[in-house]
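The structure appears right after this line, and notes come after that.
The values are calculated or read from the model by the stated rules, or taken from the named source; none is laboratory data. Worth saying up front: this structure is predicted, and the values here are computed from it rather than measured. Here the Cβ positions follow ideal geometry from the backbone for every residue, glycine too, while neighbour counts run over all protein chains shown. Just so you know, the surface numbers come from the protein's heavy atoms only, side chains and all, with ligands and any DNA or RNA stripped out. Shrake-Rupley method; radii C 1.70, N 1.55, O 1.52, S 1.80 Å.
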Amino acid sequence: MSAVLVRELRERTGLGLLECKRALGEANGDIDLAIEALRKSSGMKAAKKAGRTAADGVVSLKLSKDKAFGVMVEVNSETDFVARDENFLNFVNDVVEKAFYKKTDDVSLLASGEIEVARQTLVQKIGENISVRRAVLHEAPMGVLGGYVHGNNRIAAIVVLEGGTESLARDIAMHIAALSPQVVSPDQMPKTEVAKEREIYESQAKESGKPAAIIEKMVDGKIRKFLSENSLTEQGFVKDTDTTVGNLISTAGAEILGFTRFEVGEGIEVERADFAAEVAAQLTN
């Protein structure tokens, strides 16, 4: 079977090489007949697409009017083009609404029932895998929540404050989205993370050939910088770098109880396949 035909069918259907090759064989090389036959297997088509990596998409959130609780979700697509599609964005909104009204961050619950039916229908329509990847629920019964979604819908954050105002909470959420702190304060940084960084800095410092005492001071200095750069309270406030977030919060008589930041696709490994080599390998079998 012609590699050109296999490639065209794969691009037009989004299906795998072997399936396209088989369909073309059954259709005697007629690509339109092959597509027609494959369309009759829509359930199978959705299953095939579900095996593809969905690493693009959007994040979205919804806060209660009294800012007592809020939810944030990440829904993935395969490409940025689909992530901007109105049908996809409507689906994301449905997921957020379900998380909000069920008051849950249980992905298995969010991705079930009508949402799963809608997901499969959308997969058939747009030709890409779609997945509800993660969700988070934050509550602030005695405080206030702040939320922020960046304009590209790829980064969002929720922060929980005790004390303070809605405006302050939103500003802190925007700061978190922009500067991506790992923890609220230095003492919350996992010891394993600090040990890993120290090992790296020690290895780098030893190459300088300086005395051990000097190396220790160099490493300690880098650790302090690492903690400062990655701890929310120690970071310079994004709207006024002359003051830290910690000072801003303290002046307002508030306290940061916790936060979550989502960025689309973080932590997802995307396999980059050599299509030409893949085709050649399949067609020689």
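Numbers for the structure displayed
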| read-out | value |
| --- | --- |
| Residue check for D171: out of contact with any Pro (no Cβ under 9 Å at 6 or more places or on another chain), modelled with pLDDT of 90 or more, more than 25 Å from V71 (Cβ to Cβ) and part of a helix (DSSP H, G or I) | no |
| Test: residue in the range 105-118 that is surrounded by 15 or more Cβ atoms within 10 Å (Cβ to Cβ) and more than 25 Å from G267 (Cβ to Cβ) | yes |
| Boolean, V245 is touching a His at 6+ places or on another chain (Cβ under 9 Å) and either on the phi < 0 side of the Ramachandran plot or at pLDDT 95 or above (or both) | yes |
| Verdict on G127 being at pLDDT below 90, within 28 Å of V58 (Cα to Cα) and surrounded by 13 or more Cβ atoms within 10 Å (Cβ to Cβ) | yes |
| Some residue of the range 130-137 being charged (D, E, K, R), open to solvent by 30 Å² or more (accessible area, probe 1.4 Å) and modelled with pLDDT of 95 or more | yes |
| Exclusive hit being within 31 Å of the chain's Cα centre (by Cα) and exposed (fewer than 15 other Cβ atoms within 10 Å of the Cβ), set T241, T233 | T241 |
| The range 90-126, residues that are among the β-branched types (V, I, T), in a helix (DSSP H, G or I) and without any contact (Cβ under 8 Å) to a residue 60 or more places away in the chain | V92, V95, V96, V107, I115, V117, T121, I126 |
| Any hit, the range 74-82, residues being closer than 28 Å to D171 by Cα, in contact with a strand residue (DSSP E or B) (Cβ under 8 Å, 6 or more places away or on another chain) and surrounded by fewer than 20 Cβ atoms within 10 Å (Cβ to Cβ) | yes |
